[in-house]
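Chemist: One structure coming up, written as structure tokens, with questions to follow.
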Amino acid sequence: MSTTPEWVKRRAEMLLGSAANTPAEMVRLLDDAGLLLPAASMVPAPYPITVRQTGLGVEISMLTLVSALITALAAESTEDPEGLADELAEIDAASGPERDELLQALVDRLGGATQSLGATAARDLAERLLAAVGPVLPAQQDRSAA
């Protein structure tokens, strides 16, 4: 299911309908209209983090970390499919703090959901986030100070 707003789809269709249908012209028209996302920038880390500016702020992707967790889960499922199925059923049946504890135990066993960044990578991430969101407008500063 697409999360692209309908107005964006209609505007893109209108622009592309008037293009000479060369890929370069289509990209130029969409980019000029502000309908293309800026390229993501990657922060080097044990599991690289990508940062992309969006119309509403910033998108942060931790795909490499999530992929490592899923790969570990897949490996565990081949070693003990019944045990893992029982554990997942237990997590599914639980709720509230009990469910949180069971999920945390599983994620920790698979390698954990956090990563440590050195000072250079942490600064790089902070700079990329600040660059992606742009400067704070005076009205925003006043509200955050209150």
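Chemist: Any residue in segment 81-105 that is small (G, A, S) and outside any helix (DSSP H, G or I) sitting within a Cβ distance under 9 Å of a residue that is surrounded by 11 or more Cβ atoms within 10 Å (Cβ to Cβ) and at pLDDT 95 or above? List the pairs, counting only those 6 or more apart or interchain.
Modeler: Short answer, once both residue conditions are applied: A94/D100; A94/E101; A94/L102; A94/L103.
Residues checked against (1) of a type in the set (A, V, I, L, M, F, W, C); (2) modelled with pLDDT of 95 or more:
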residue	(1), (2)
T54	no, no
R99	no, yes
A132	yes, no
A145	yes, no
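Chemist: Oh, and also: Against the definition (surrounded by 14 or more Cβ atoms within 10 Å (Cβ to Cβ), small (G, A, S) and at pLDDT 95 or above), how does A89 come out, yes or no? Steps first, please.
Modeler: Details: surrounded by 14 or more Cβ atoms within 10 Å (Cβ to Cβ): no; small (G, A, S): yes; at pLDDT 95 or above: yes.
For A89, the condition - surrounded by 14 or more Cβ atoms within 10 Å (Cβ to Cβ), small (G, A, S) and at pLDDT 95 or above - is not met.
Chemist: I'd like the full set of residues that are over 17 Å from the mean Cα position of the chain (by Cα), part of a helix (DSSP H, G or I) and of a type in the set (G, A, S), limited to segment 109-129.
Modeler: Passing the criteria: A119, A121, A122.
Chemist: For segment 41-73, give me each residue that is under 16 Å from G134 (Cα atoms), surrounded by 12 or more Cβ atoms within 10 Å (Cβ to Cβ) and either assigned by TED's automatic domain parsing to the domain that holds R10 or not small (G, A, S) (or both). Break it down into steps so the answer makes sense when it comes.
Modeler: Pass one, segment 41-73, residues under 16 Å from G134 (Cα atoms): 41, 51-60.
With the extra rule that they be surrounded by 12 or more Cβ atoms within 10 Å (Cβ to Cβ), the set shrinks to 41, 51-53, 58-60.
V51, R52, Q53, V58, E59, I60, listed by residue number.
The values are calculated or read from the model by the stated rules, or taken from the named source; none is laboratory data. Everything numeric here is computed off the predicted structure, so don't read it as measured data. Note that each Cβ is placed from the backbone with ideal geometry, even for glycine, and that neighbours are counted across all protein chains shown.
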